[in-house]
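Encoded as structure tokens, the structure appears first; notes follow it.
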Amino acid sequence: MEAAITILALLFVAFIALGVYATVKAVGAAKRGVDRTITQARRTVEDTTLRAKSFGQTGVAGELAQLRLALRTSMRATQDALHAGVAEDSSLAESVGLFRRLSAHGLELDDELKRLEREPDRATVAALLPQLNERTQRITHSADSLRWAARDRARQFADDDLDALNAQIDIEAGALRHWTVEEQRPQQASGAASQGPGAGARRAHDAGVDWPEPTAGAGNSSTADESWGGPAREEAPQAITAPDPHLRTRYPWQKAARPETTN
């Protein structure tokens, strides 16, 4: 009985601890969501204010607002592009590290521009504008280079994958149309058989080739062949008749022929 009570007490404590943990996690997630929403809202308000100042104000204040707006827009676009690409391409991790180092310079410059907006000495701020403009261009140029390089890399991978996919689809389409190859083979075989032995002569006649007429005499055949560059035909060999044994020349060492017997 005591063991059952102990087990129930442990289960109750475990459920309480699990509930507290879930509550803390939920509160933390909600707090992070609220902070993110507040940050985005503050950023939106600040960007809208900078746009309004860049278009509505002239002089030093307007130029400072334009520098801040260009800097923030470039850095935010590069950050979004790199963070979206590193999830699919791990080789962008080094680019993300470089961007973090660049972001430190960008945030420092943004804070300096923000302080100069409240500076009452406009003459000093106007003297610093060329230097601030150069720093802003250097940072935005580096950020734009990282962003476009990441986009070009992603587009190249997409093109390579599309080319490979097109090649596989062509192979599969050819395999699915296998009956067209089987139909072409009988057609080619029937076409070759229908031409017959006289197909060569008909093709030569259709091509406009005039062949020489054969001569009547057999002895001129070799001359005709030679005139067209073909090999001359050899004369047919004459029949060889057996020599008469009575007409053979006798030599001293040969035996004399036996006289023929008469009936």
For Met75, work out the one condition from (1) modelled with pLDDT under 90; (2) under 30 Å from Gln156 (Cα atoms) it doesn't fulfil.
(1)
hydroxyl-bearing (Ser, Thr, Tyr) and outside any helix (DSSP H, G or I): does that describe Thr73?
no
Failed item, numbered, when Asp111 is tested on (1) under 23 Å from Ala127 (Cα atoms); (2) touching a helix residue (DSSP H, G or I) at 6+ places or on another chain (Cβ under 9 Å); (3) at pLDDT 90 or above:
(2)
Given the structure, is Leu98 more than 33 Å from the chain's Cα centre (by Cα) and within 30 Å of Ala150 (Cα to Cα)?
no
Within the range 77-91, does at least one residue satisfy the condition of being more than 35 Å from the chain's Cα centre (by Cα) and either in a helix (DSSP H, G or I) or surrounded by 10 or more Cβ atoms within 10 Å (Cβ to Cβ) (or both)?
no
For Lys53, are the conditions met, namely being farther than 30 Å from Ala158 by Cα, surrounded by 14 or more Cβ atoms within 10 Å (Cβ to Cβ) and modelled with pLDDT under 90?
yes
Could you list all residues from the range 111-168 that are within 22 Å of Ala87 (Cα to Cα) and touching a residue at least 40 places away in the same chain (Cβ under 8 Å)?
Ser142, Ala143, Asp144, Leu146, Arg147, Ala149, Ala150, Arg151, Arg153, Ala154, Phe157
Do we have any residue at all in the range 121-129 that's hydroxyl-bearing (Ser, Thr, Tyr) and exposed (fewer than 13 other Cβ atoms within 10 Å of the Cβ)?
yes
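The values are calculated or read from the model by the stated rules, or taken from the named source; none is laboratory data. All figures in this text were calculated on a predicted structure; none of them were measured in a lab. Every residue, glycine among them, receives a Cβ derived from its backbone with ideal geometry; neighbour counts consider all protein chains shown.
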